[in-house]
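Structure first, then comments.
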Amino acid sequence: MTILVTGSAGHLGEALMRTLAAQGRAAVGIDILSSPWTTHVGSIAERAFVKRHMAGIDTVFHAATLHKPHVATHARQDFIDTNITGTLNLLEEAVAAGVRSFVFTSTTSVFGDALVPPPDAPAAWITEAVTPVPKNIYGVTKAAAEDLCALFHRNQKLPVIVLRTSRFFPEADDSATARETFADANLKTNELVARRVDVEDVVSAHLAGAERAPSIGFAKYIISATTPFRPDDLAELRRDAPSVLARRVPQHVAEYARRGWTMSRTLDRVYVNDRARTELGWQPRHDFATVVARLAAGGTWQSSLALEIGKKGYHAEVFADGPFPVDH
């Protein structure tokens, strides 16, 4: 049994390749960039390249994508080519090769404008039942790729699991205000309460998805750290998030005080992973409480796998006003 990993030079692709190698599982990594984890260099937008490397594949982890940080630096057609055409090529060749499981890495960015409620409304409780309202070409193409996955399950019976992952990259935040207000580790740890996940848990979700795909057939799941919040917290989270967090995870207060850290004053959304944990049997290991305990013991906010991968960046060039230009 051989696994194909697309985007093997990226954060998640490398994490998948490292984990599969550690488990002694055969894997082929493809990417447009060479790397220690890339077996074959080429583009998924090229059908012949995809066809050549789908032979003998049992499972596909499709992590290759153009990301939100590329919106201001790449043409919309580039997003179409990679995120839609590339996904179509992989789905068609997966069917032709008799692939057993196809796991597509999507993003919570597909929810777009549905993530931000009106100013006086409670924070949004984001489950799979929320209807996406993509707000840029990245979200549009990822949503379209999800639809292609659904189509190939309905018409060709390909078992497909779509994983809508929240933030797991370690790069600096694109918001200048966020960078100026919080130390980077403080900001990333804060995000674990509602909108971040560790890459190690993203990998385990992919492995669980591949295992369950044949029995499930098709489904979409939110992959984010388990939130400490509940639906009845949502109104107060929009007004006074630190007070809610102090009730839900009181042990963080002393550690935050020791470090001089603060919690964001308000939260506008909470990602909910209940369905993935129930239906996939996914058991994420990293959440806000466990990270606070690790910090108190002298550790870091990242897992050992995340530290091994490190930062990769998104562009060859360096920008004066942030990690990448933001398309407004």
Restricting the range 66-91 to residues that are part of a helix (DSSP H, G or I) and without any contact (Cβ under 8 Å) to a residue 24 or more places away in the chain, the one nearest to A172 (Cα to Cα) turns out to be D78
Counting only residues in the range 45-56 that are in a loop (DSSP other than H, G, I, E, B) and among the hydrophobic types (A, V, I, L, M, F, W, C), the one modelled with the highest pLDDT is identified as A45
Considering the range 57-97, residues that are closer than 25 Å to N136 by Cβ and either in contact with a Gly (Cβ under 6 Å, 6 or more places away or on another chain) or of a type in the set (G, A, S) (or both), and then whichever is modelled with the lowest pLDDT, we arrive at A72
The one condition R265 fails out of (1) among the basic types (K, R); (2) over 24 Å from V60 (Cα atoms); (3) not in a loop (DSSP other than H, G, I, E, B) is (3)
Residues in the range 268-286 that are in contact with an Asp or Glu (Cβ under 8 Å, 6 or more places away or on another chain) and part of a helix (DSSP H, G or I) total 1
Selection over the range 1-19 where residues are touching a Gly at 6+ places or on another chain (Cβ under 6 Å) and not in a helix (DSSP H, G or I) yields a count of 4
Given the conditions (1) surrounded by 18 or more Cβ atoms within 10 Å (Cβ to Cβ); (2) closer than 23 Å to R167 by Cβ, every one holds for L33 apart from (1)
request  = Return yes or no: is T105 outside any helix (DSSP H, G or I), under 26 Å from G7 (Cβ atoms) and among the β-branched types (V, I, T)?
outcome  = yes
Going through the range 240-258 in order, the residues found to be of a type outside the set (A, V, I, L, M, F, W, C) and either assigned to a helix (DSSP H, G or I) or under 27 Å from the mean Cα position of the chain (by Cα) (or both) are D240, P242, S243, R247, R248, H252, E255, Y256, R258
Subset of the range 92-112, residues of a type outside the set (S, T, Y), touching a residue at least 60 places away in the same chain (Cβ under 8 Å) and closer than 21 Å to I222 by Cα, comes to F102, V103
Looking across the range 182-206 at residues that are within 14 Å of the chain's Cα centre (by Cα) and among the aliphatic types (A, V, I, L, M), the single one that is surrounded by the fewest Cβ atoms within 10 Å (Cβ to Cβ) is V203
The residue from V130, V116 that alone is modelled with pLDDT of 95 or more and either closer than 30 Å to F229 by Cα or not polar (S, T, N, Q) (or both) is V130
Taking first residues from the range 285-311 that are modelled with pLDDT under 95 and second residues anywhere that are among the acidic types (D, E), the pairs with Cβ under 9 Å that are 6 or more apart or on different chains are K311/E171
ask   = Within the bounds of the range 221-229, is there any residue that is polar (S, T, N, Q), in contact with a helix residue (DSSP H, G or I) (Cβ under 6 Å, 6 or more places away or on another chain) and surrounded by 14 or more Cβ atoms within 10 Å (Cβ to Cβ)?
value = no
Okay, helices (runs of 4 or more DSSP H) sitting entirely in the range 127-215 with 1 or more residues that are touching a helix residue (DSSP H, G or I) at 6+ places or on another chain (Cβ under 8 Å) and aromatic (F, W, Y), I get 137-156
The one condition P117 fails out of (1) under 30 Å from S304 (Cβ atoms); (2) in a loop (DSSP other than H, G, I, E, B) is (1)
In the range 132-181, residues that are of a type in the set (V, I, T), loosely packed, with under 15 Cβ neighbours inside 10 Å and closer than 22 Å to I84 by Cβ total 1
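The values are calculated or read from the model by the stated rules, or taken from the named source; none is laboratory data. All of these numbers come straight from a predicted model, not from anything done at the bench. Positions of Cβ are generated from backbone atoms using ideal geometry, with glycine treated the same way; all protein chains shown enter the neighbour counts.
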